[in-house]
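One structure below.
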Amino acid sequence: MKSHYYSAHAVGLRADLGRVIARDQMRVLHKKDAWRHFVIAGRQFAMLGLATWGLVYFTNPLIWIPLAFVQGFTVFNFTVLLHEVLHHCVFETRHPRIERLLALVYATPSGISASQFTRWHLDHHAELGSAEDDPKRHYLSPKRVARWYKLLYATPALFPMYFRAAARETATYPDELKRTIAWERTVSILFHLSVAALLWWRFGFWAAWRADLFPVFFVFPIAFTLNRLGQHYDIDPSDPAKWGTLLRGHWFWNFAYVYSNFHLEHHYFPGVPCYRLPELQRALAPFYAERGMRWQTYHGLIYGWIVENKRPHTDWSLS
C-alpha cells in the first residue's frame, strides 16, 4: 500500500499555486490540442526514420556519430510521448482505446512496457518526496555517492540497473498487471531484436551497429541520465514546492527533450500538455521569485553531480 505522500504534504503548495495563476489562464494552459501532439509525434517518427537512413548509408564518423546522438535522444523521447498519453494530455476528452494503442506504439521504440511505465510513473507522482514509496527514488537513484558509479548510469549498465529496479517494484503489482507487463516487454524486446537483425542481414553488422546498437546502448543511457538529473536531484527536502529541480527553459533543450526538461512545472500541474509548459514556467516566475527558488542548468547539474559529487535528492547549495 502506498501513502500518497505528495498529496499529504502539498496541500499548502496547491493553494499557493492557485493564487499565482488565474483560473482562466489555468484553463488555457490545460487545453489539449491533439493536432499539436501529433505534429510533435510525426516529427519524432520522421527524425527516427531519417536518422536511421543516414546511419545506414554514412560511414564517416563526423556524420554518423552526431546522427547516432539524434537517434538515441529520439528513441528516448518516445517515452516522453508515452508520458503525455498516461497523463491524458493528448485529447481534450478521454479516448481509452486510442490512448492504449498510442501507449503501446510509443513504448515499443524504447523497449519498455507501457503498463509498467504508466504504473511506475503515476506512483512516482503520488509518492514524490518519499524515500521509500517513490519507486524512481527508492529503486533507481544511486545509493553510492561515487563518481564512477554515477557514470555507470550513462553507459549500457543502465539497462540491467533499470530492469532490476522495475522488477523489484513490479513484484508488488497484482498478478494480472504483471502478466500484461511481461507480454508488453516481450513484444518490445522482440521488436528491437528484429530491427537489429534486419539491419544486420540487409546492410551488414556495422550498419546495424551505427543505426541501432550504438544509439540504443550508448546514446540512450546518456539521454536518460541527463534528463533524470534535471528532475529531482538538486532539491530542498524541507519544502514541497522545491521537491523538483527548477530548470530554466532553453530552445535547444525544449527541442531535444520535447519539453520534458520542465519537470518541476509538470509535477505542479500534470494535466498541462508538454508544449504549454514553457508558458506555464513564465506564468510561475513570480512564484519562483517569491519562494527564493534557484534556477539550474544542465551544465550546472553535471558539474554538481560529477565534479562536486553531490548526493541525489538534497539541496546542493548547502554543501
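When the Cα gyration tensor is reduced to axis lengths a ≥ b ≥ c, the ratio a/c is 1.5 or higher for the stretch 52-165, and with a/b not above b/c it is classed as oblate. Within the shell of other residues whose beta carbon sits under 12 angstrom from the beta carbon of HIS138, the net charge comes to -1, with Lys and Arg scored +1 and Asp and Glu -1. Quick check on the stretch 204-266: take the gyration tensor over C-alpha atoms, sort the square-rooted eigenvalues as a ≥ b ≥ c, and tell me if it's rounded (a/c under 1.5), prolate or oblate. Taking the square roots of the gyration eigenvalues as a ≥ b ≥ c, the stretch 204-266 is prolate.
Positive-end ranking of SER317, HIS266, ALA68 along the dipole of the chain, with charges on Cβ about the Cα centre, is headed by ALA68. Neighbours of LEU264 by Cβ distance under 13 Å: Lys/Arg scored +1, Asp/Glu scored -1, total 0.
Computed 3J(HN,Hα) for the stretch 12-28, one whole-Hz value per residue from the Karplus formula 6.51 cos²θ - 1.76 cosθ + 1.60 where θ = phi - 60°, is x, 4, 4, 5, 5, 5, x, 7, 7, 10, 5, 4, 4, 5, 5, 4, 5, glycine and proline marked x.
Taking amide H as placed 1.01 Å from N in the peptide plane, TYR153 has no amide H partner under 5 Å among residues 5 or more places away or on another chain.
Computed about the Cα centre, the dipole magnitude for the stretch 173-234 is approximately 200 debye when only Lys and Arg (+1) and Asp and Glu (-1) carry charge, each at its Cβ. In order along the stretch 73-79, the phi-based Karplus estimate (6.51 cos²θ - 1.76 cosθ + 1.60, θ = phi - 60°) of 3J(HN,Hα) comes to 5, 5, 4, 4, 5, 5, 5 Hz; Gly and Pro are listed as x. Mind running the shape call on the stretch 1-97? Use the C-alpha gyration tensor, a ≥ b ≥ c as the square roots of the eigenvalues: rounded below 1.5 for a/c, prolate if a/b tops b/c, oblate otherwise. Since a/c reaches 1.5 and a/b is larger than b/c, the shape of the stretch 1-97 is classed as prolate. Amide H to amide H distances under 5 Å link GLN296 with LEU246, LEU247, ARG248, where only residues 5 or more positions off or on other chains count and H is placed in the peptide plane.
Once the chain from ASP315 to TRP201 is taken as fully extended at 0.36 nm per residue, the excess over their C-alpha distance is 36.0 nm.
Taking Cβ atoms as reference points and 15 Å as the exclusive limit, the residues near GLU279 contribute a net charge of +4, counting Lys and Arg as +1 and Asp and Glu as -1. The reciprocal of the average 1/r between distinct C-alpha atoms defines the Kirkwood hydrodynamic radius, which for the stretch 143-271 equals 17.6 Å.
Subtracting the Cα-Cα distance of ARG27 and ASP239 from 0.36 nm times their residue separation leaves 73.7 nm of extension gain. Per-residue 3J(HN,Hα) values for the stretch 173-187, derived from phi via the Karplus relation 6.51 cos²θ - 1.76 cosθ + 1.60 with θ = phi - 60°, read 7, x, 4, 4, 5, 4, 5, 4, 4, 4, 5, 5, 5, 4, 4 Hz in sequence order (x marks Gly and Pro).
Here the stretch 5-318 is assigned +1 on the Cβ of each Lys and Arg and -1 on the Cβ of each Asp and Glu. Its dipole about the Cα centre then comes out at about 320 debye. What the Cα convex hull of the stretch 5-318 gives, in volume per residue, is 137 Å³. Cross-link partners for LYS143 among the lysines, with Cα-Cα distance under 16 Å and sequence neighbours closer than 8 places in the same chain left out: LYS310. Taking amide H positions as modeled 1.01 Å from N, with prolines and chain starts lacking one, the residues under 5 Å from THR314 and 5 or more places away or on another chain are ILE235.
No lab work stands behind these numbers, since they all come straight from the coordinates. Quantities reported herein were computed from a predicted structural model and do not represent experimental measurements. All Cβ positions, glycine included, derive from the backbone under ideal geometry; neighbour counts span all protein chains shown.
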